[in-house]
1. From the phi of every residue in the stretch 140-153, what ³J(HN,Hα) in whole Hz does the Karplus formula 6.51 cos²θ - 1.76 cosθ + 1.60 yield, where θ is phi - 60° and glycine or proline is x?
2. Rolling a 1.4 Å sphere over the protein heavy atoms, what is the accessible area per residue of the stretch 57-99, to the nearest Å²?
3. Output wanted: per-residue J couplings in Hz (rounded whole) for the stretch 110-120, from phi through Karplus 6.51 cos²θ - 1.76 cosθ + 1.60, θ = phi - 60°, x for Gly and Pro.
4. Over the stretch 55-116, what relative contact order in percent results from Cα pairs under 8 Å that are six or more residues apart?
5. Given the pairs 87/125; 28/77; 28/125, which span a C-alpha to C-alpha distance of over 20 angstrom in this model?
6. Taking θ = phi - 60°, what integer Hz values does the Karplus form 6.51 cos²θ - 1.76 cosθ + 1.60 yield along the stretch 87-101, in sequence order, with x for Gly and Pro?
7. Peptides 150-156, 118-124: what's the order by average Cβ count within 10 Å, highest mean first?
8. Give the carbon-plus-sulfur fraction of the accessible surface of the stretch 69-130 in %, rounded to a whole number; probe 1.4 Å, heavy atoms of protein chains only.
Amino acid sequence: MKRIFFLIPVLTLFSHFSNAQIAQIGIKGGLNYANFKTNNFDTKAITSYHFGPTVNLKLFKGLAVQGEILYSTIGGKYKKPVDQIVKEYKNELGYLSIPLSLQVNLSNNVYIEAGPQFSFLLSNKNEFDINNDNSFDLGIFGGIGFRLLKHVNLGA
């Protein structure tokens, strides 16, 4: 009986949030263009990807907080001459990234966002060793987004 009295307010609150569309759940996917920075090797950037679920919580009109859990890959390429043949080596690191952004609407279809990102190393495909594979990475990011359709955004 106690469970029912607890469950009713929780379901009512969830129903209110669902109807008010305060919380929106989505999926994010995109491209990364990243490179290693080191003194020992001249590396070139690689294009890779990121994807995962998102939750957007509206705080006030024109202001929201968005949390994401993304699998993201970064890395670099290095060319080295071996026996008169130039061989290309590639490093690719897979991170579980958790960006948290504050979004401010500039208009109905345009928003800016910024916040911290916490990343944890999950995989490491090292073809050359540049000692640049941190198990934890902390960064800040910013961007701009456009609402193309009701549930489709394009961001950079």
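1. After applying 6.51 cos²θ - 1.76 cosθ + 1.60, I find 10, 9, x, x, 10, x, 10, 8, 7, 10, 4, 10, 10, 10 Hz.
2. 60
3. Karplus-based 3J(HN,Hα) across the stretch 110-120 equals 10, 9, 10, 8, 7, x, x, 9, 10, 10, 10 Hz.
4. Across the stretch 55-116, relative contact order equals 32 percent.
5. Violating the 20 Å limit, Cα to Cα: 28/77; 28/125.
6. Along the stretch 87-101, the couplings run 9, 9, 10, 9, 10, 9, 10, x, 10, 8, 9, 10, x, 10, 10 Hz.
7. Packing order, densest peptide first, comes out as 118-124, 150-156.
8. 56
The values are calculated or read from the model by the stated rules, or taken from the named source; none is laboratory data. A quick note: this is a predicted structure, and the numbers were derived from the prediction, not measured. Glycine also receives a Cβ, built like all others from the backbone with ideal geometry; neighbour counts cover every protein chain displayed. Calculation scope for accessible area: heavy atoms of the full protein, side chains included, ligands and nucleic acids excluded. Shrake-Rupley method; radii C 1.70, N 1.55, O 1.52, S 1.80 Å.
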